[in-house]
1. At His102 and Gln3, where each label point lies 7 Å from the Cα along Cα→Cβ, what is the point-to-point distance in nanometres?
2. Of the listed peptides 66-79, 48-61, 84-97, what is their order by residue-averaged count of other C-beta atoms within 10 Å, with the highest listed first?
3. Mind checking the full-extension length gain between Ala74 and Leu47? Use 0.36 nm per residue of separation minus the Cα-Cα distance, one decimal, nm.
4. Kindly give Rg over Rh for the chain, based on alpha-carbon atoms, with the Kirkwood expression for the hydrodynamic radius.
5. Any idea how far apart Ser17 and Arg56 come out in nm if each label point goes 7 Å out from Cα toward Cβ?
6. Please give the per residue accessible area of the chain, computed with a probe of 1.4 Å over protein heavy atoms only, in Å².
7. Excluding same-chain residues fewer than 8 positions from Lys64, which lysines have a Cα within less than 18 Å of its Cα?
8. For a label point 7 angstrom out from the Cα of Thr84 toward its Cβ, which stretches of the range 33-63 have the backbone nitrogen within less than 13 Å?
Amino acid sequence: QVQLVESGGGSVQPGGSLRLSCVASGRTFAIHFMRWYRQAPGKERELVASTTVDGRTNYGDSVKGQFTISRDGAKDTVFLQMNTLKPEDTAVYYCKAVTTEHGKQYWGEGTLVTVSS
């Protein structure tokens, strides 16, 4: 199994920045790619950003140019740098790992980001 722990959420004013972290442990050698999702109150969970183990990245349309996903392979950690935050970025942010072991997927418990003045 893979365990994921997110951190870095909090409250920030519009225009501010936050950096989320997701630390993976367990069978991390089997991770094929990692993704950040978010779920705002009353809305469906949406994909924010994705990165493969070899560094290829992809972003949701709503965050392109605003968020950056990166990873520290040595520490099995994925980051999400979020800039110019807006109230509509308020959500619980989740980390997900997809493995090469029969496509098993694992989720973290999420970290809350609140953007408000």
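1. 2.2 nm
2. Numbers: 66-79: 16.6, 48-61: 15.0, 84-97: 18.7.
Ranked from most to least packed, the peptides come out as 84-97, 66-79, 48-61.
3. Numbers: separation 27, 0.36 × 27 = 9.72 nm, distance 2.47 nm.
Using 0.36 nm per residue and subtracting the Cα-Cα distance, I get 7.2 nm.
4. Working: Rg = 13.6 Å, Rh = 14.1 Å.
In the chain, Rg relative to Rh is 0.96.
5. Result: 2.8 nm between the two label points.
6. Numbers: 6280 Å² over 117 residues.
I get 54 Å² per residue for this part.
7. Lys86
8. 62-63
The values are calculated or read from the model by the stated rules, or taken from the named source; none is laboratory data. None of these values were measured; they are calculated from a predicted model. All Cβ positions, even for glycine, are placed from backbone atoms using ideal geometry, and neighbour counts span all protein chains on display. Note: areas computed on protein heavy atoms with side chains; ligands, DNA, RNA excluded. Shrake-Rupley method; radii C 1.70, N 1.55, O 1.52, S 1.80 Å.
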